[in-house]
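Heads up: the structure comes next, in structure tokens.
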Amino acid sequence: MNAKTLMVQGTTSDAGKSTLVTALCRALRRRGISVAPFKPQNMALNAAVTEDGGEIGRAQAVQAQACGLEPHTDMNPVLLKPTGLSGAAESVPGLRPSGKASPSKTVPDSLVQVIIQGRAIGNLNATDYHAYKRIARAAVLESYARLSSAFEAVIVEGAGSPAEINLREGDIANMGFAEAVDCPVILVADIDRGGVFAHLIGTLALLSESERARVKGFVINRFRGELSLLQSGLDWLERETGKPVLGVLPYLHGLHIDAEDAIVPLAPRGRGAGGEGEDAPLRVIVPVTPRISNHTDFDPLRLHPRVDLRYIGQGEAIPAADLIILPGSKSVRADLAFLRAQGWEQAIRRHLRYGGKLMGLCGGYQMLGASVSDPHGLEGEPGDSPGLGWLEIDTVLEPEKQLRRVLGHLAPPVGAACGRDSDQANRGHRPLPQVEGYEIHAGVTRGADLERPVALLDHGPDGALSADGQVLGSYVHGIFDHPEACAALLAWAGLPSAGDAPDMHALREAGIERLADGVEAHLDMARIIDILEGRA
């Protein structure tokens, strides 16, 4: 089998490439076409673990769901995770670090962790990654070839914009890939940010003649208002470029699809007229550190009708709350230092003194212990950092990442917190809440508080609970996704009768269906399929 291939590129970052690919994948699947998503190169700190035990961008995991597939590392063969740190490139297979100064000549480039076909191969600065692209390109084409041989169609997502002329040499993310596999391109632009016609015309102007010929049509995304008022502009665009507008997608409010990177908090909810009554929401605070990762962990709380979740950023004070959650981090020791510099450690200490609950996920879990050690310099300069000291654990970062999907259940007493009887649960009369998620971490954690695990997973116990039951940590990303687990954890934090937790899998599925309905209603799908099949 040699799959038909269509690539979606954007005039800017966040133009809607991920959502359009997701929608097209589901629309094709509805037609009985076996289809797979593909993103040659992705830069994101929100990752997912695949069935073959690697990591890819979360957007590609959602796109796999749209195709009815388990995510696989071939769907995103190159993943770049910014560390936020500066320094020289490591020695990685096939590349001798250049040792050159960055363009500023004085400050080294920020480093990115380079993940090839699901496995981290080292940290590189921008200069050395540019040289490494020749090796990454081989992995990209290898993964694409496997998908192309296994499916009838492959829908490809570009990265950023193809008009970034400073990145054209050795490009593997946009037109460089499209030229290599000889596939057509749809160009999507976001009208909500303004300047949509300039974005489209300007992008075409910066492409080569052969690249412009690959663009078979335009999609305009996130339109609000009366379409008839836009029609004259669409007509002009088609006359000016000789390329069709394939459709105008409306702005879809309340769409629950995992974000690639950006945190988009919901408006905070009030405490209600009664202030502290049964219907008052649980106040949850998430301090945002510079290298926060997998913030999609908090989507179930953002969407919970009785949770008031707030992100707190640099320069902001932590307000009164019921629960504070320390998120995952790509650079734990650096983010721990940032947390302290913001004065948040003292605020959390005060929060605990007045009876509040504290939770840490992945890197945030590691911060809760007595120490975090990085002897190999995996996330910065080698060394040790004192932890916050609220769990009796110590963590050492090791070169081999823990990458696995996990299944199990919450352990008592947390699992029994939502009106459950721990003894009955243990005797099997009332099963403990199910946990399903994934682990992505370099740390190996040991200590006395591991004797009180948060979850009992298929591969063994996970996490730790303090002796007083006030602080807990877990390595499981997605621990809130299952409604019963979310309800039990929120009950532990102080929210009674938390049985109205959202089912994230069902919400994602509904969001995918809504996206597919949108492209069916507003795009010329017959023409898009003709483009895919090479007839247009």
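Helix 504-522 and the longest principal axis of the Cα set of the chain meet at an angle near 20°. Estimated at the nearest 10 Å², the accessible area of Lys216 is 70 Å² with a 1.4 Å probe.
Solvent-accessible area per residue for the chain at a 1.4 Å probe radius, Å²? Working shown, then result.
Values: 21290 Å² over 536 residues.
Normalised by residue count, the accessible surface of the chain is 40 Å².
Among the protein heavy atoms of the chain, carbon and sulfur supply 51% of the accessible surface, probe 1.4 Å, non-protein parts ignored. Structure note, pairs Lys17/Lys401; Lys4/Lys401; Lys39/Lys401; Lys133/Lys330: Cα-Cα distances above 26 angstrom occur for Lys17/Lys401; Lys4/Lys401. Between the helical axis of 126-150 and the longest alpha-carbon principal axis of the chain there is an angle of about 80 degrees.
Against the main long axis of the alpha-carbon atoms of the chain, helix 344-353 sits at an angle near 40°. Scalar couplings 3J(HN,Hα) for the range 51-68, obtained by applying the Karplus form with A = 6.51, B = -1.76, C = 1.60 to θ = phi - 60°, are 5, 9, x, x, 10, 9, x, 4, 4, 6, 5, 5, 4, 4, 4, 4, 8, x Hz; x denotes Gly and Pro.
Reported to the nearest whole Å, the Cα centre-to-centre distance from the range 170-220 to the range 327-346 is 40.
Over the chain, dividing the summed -39,500 (n - 2.57) contributions of all DSSP H runs of at least 4 residues by the number of residues returns a 222 nm mean residue ellipticity of -8500 deg cm²/dmol.
Quick check on the chain: of the DSSP beta bridges with both residues there, what percent are antiparallel, nearest 5%? Provide the component values of the computation, followed by the final result.
Details: 43 of 88 bridges.
Rounded to the nearest five, the antiparallel share is 50 percent.
Charged neighbours of Pro77, selected by a Cβ distance under 13 Å, balance to 0 (K, R count +1; D, E count -1). Within the straight-line cut-off of under 17 Å between alpha carbons, the aspartates and glutamates reachable from Lys216 are Glu157, Glu179, Asp182, Asp235, Glu238, Glu240, Asp524, Asp530, Glu533, sequence neighbours fewer than 8 places apart in one chain being disregarded.
The values are calculated or read from the model by the stated rules, or taken from the named source; none is laboratory data. Treat the numbers as computed from the prediction; the structure is a model and nothing was measured. Here the Cβ is made from the backbone with ideal geometry for all residues, glycine too, and neighbour counts use every protein chain on show. The accessibility values were calculated without ligands, DNA or RNA, using every heavy atom of the protein model including side chains. Shrake-Rupley method; radii C 1.70, N 1.55, O 1.52, S 1.80 Å.
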